[in-house]
Structures are given as structure tokens and as C-alpha cells.
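The values are calculated or read from the model by the stated rules, or taken from the named source; none is laboratory data. Please read these numbers as outputs of a predicted model, since none were measured by experiment. For neighbour counting, all protein chains shown are included, and Cβ atoms are generated from backbone atoms with ideal geometry for every residue, glycine included.
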Amino acid sequence: MPKSKLSTAKKRPPDPIAKIGWIQTDCHDPERLAAFWGAVLGVEVEDRFGNPVQYVNLAPASPDGPRVCFQRVPEAKATKNRVHLDVAVQEVDAAASRIIGLGGTRLPHDDYHEDGYSWRIMADPEGNEFCLIYGQYQPGPTW
């Protein structure tokens, strides 16, 4: 009997083992990155831990969403991120300009366009890459 390449029947997703609660970013200055990302995401700092501060957690951007957090580490960022954030924006040029005004940078790449998505690669003040997603993708009605 030949194997089918893809099943068209809808399968019930498995029961989750966990859900994403926090997304940690290692950094030199958690306060600086929390201020940057808080402005980008439109959220406030929720918690700070340590003396001096070692961890800064932002409030979730949606009621059940994960918290974006920053953890002080001694070593510098050395290579491209293995994990990064993709953030949806309504107008990419205006969003990029505001992010640059906050201390972010646009990386020297052309915008990418693939499968109905468009994105621009940016970096936060410590060089952590992230993407601005725009174009055909439309953010939810709360915008």
C-alpha cells in the first residue's frame, strides 16, 4: 500500500505539555533593553529582580501572551541569534524610523518578500536581531 505524502484529514492537536510564559534575552543592560522593547511593544516593566538588577520582565502584550524578559550576563553577543522575535507592524517605514529613534538599527539587507509575508531585519540596542513583519499579513482588530 503506497504511503500518502500528506494527510488531508484534520487531526486534533495534542494536549500541550507547556505554554510559553517568558522569552528571555541575555544582555549586558537589562534596564536599557526593557525600556527599548517596552516602547516597541507598548508595554510596561512588570518585575525587576536582583540587587543590582539581574532580570527585568515586561508585562505581556496580550492577556495570555508570554512576557519578554531580559537577563544580565557578562559575555557579549557573539553571533547571529538562533531565536529572534518577529513583530507585526502596520507601516514598516514609520515603524523602522521610530525603532531607530529608540536606539535600534536597520541591518544592511534589502527587505524580504516570501509566501505573502514581507519583513525587514532590525537589531535592538545590543545587536539582537528581530524582524518587522508587514504587507499582506494584517495584525488583529485590536490595532
- Got at least one residue in the stretch 87-102 being touching a Cys at 6+ places or on another chain (Cβ under 8 Å), surrounded by 11 or more Cβ atoms within 10 Å (Cβ to Cβ) and within 13 Å of ILE23 (Cα to Cα)? no
- Spot the failing condition for ALA96; the list is (1) small (Gly, Ala, Ser); (2) in a helix (DSSP H, G or I); (3) more than 17 Å from the chain's Cα centre (by Cα), and only one is missed. (3)
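Looking at GLN71, GLN90, GLN136, which is the one that is touching a residue at least 40 places away in the same chain (Cβ under 8 Å), assigned to a loop (DSSP other than H, G, I, E, B) and polar (S, T, N, Q)?
Going through GLN71, GLN90, GLN136 in turn, the sole match is GLN90.
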- Item | Residue list for the stretch 55-77, restricted to those being among the basic types (Lys, Arg) and within 14 Å of GLY42 (Cα to Cα) | ARG67
- Task: Might you let me know whether the stretch 109-128 holds any residue that is within 12 Å of the chain's Cα centre (by Cα), in a loop (DSSP other than H, G, I, E, B) and within 28 Å of ALA18 (Cβ to Cβ)?
- Result: yes
- Message: Out of everything in the stretch 29-59 that is more than 18 Å from the chain's Cα centre (by Cα) and of a type outside the set (Lys, Arg), what residue ends up being surrounded by the fewest Cβ atoms within 10 Å (Cβ to Cβ)?
- Response: ASN51
- Message: I'm trying to understand the selection: among the residues of the stretch 103-117, which are among the hydroxyl-bearing types (Ser, Thr, Tyr), surrounded by 14 or more Cβ atoms within 10 Å (Cβ to Cβ) and more than 19 Å from ALA39 (Cβ to Cβ)?
- Response: TYR117
- Message: What are the pairs with Cβ atoms under 7 angstrom where one residue, in the stretch 1-29, is closer than 25 Å to LEU85 by Cα and the other, located anywhere, is in a loop (DSSP other than H, G, I, E, B) and at pLDDT below 60? Sequence gap at least six, or different chains.
- Response: none
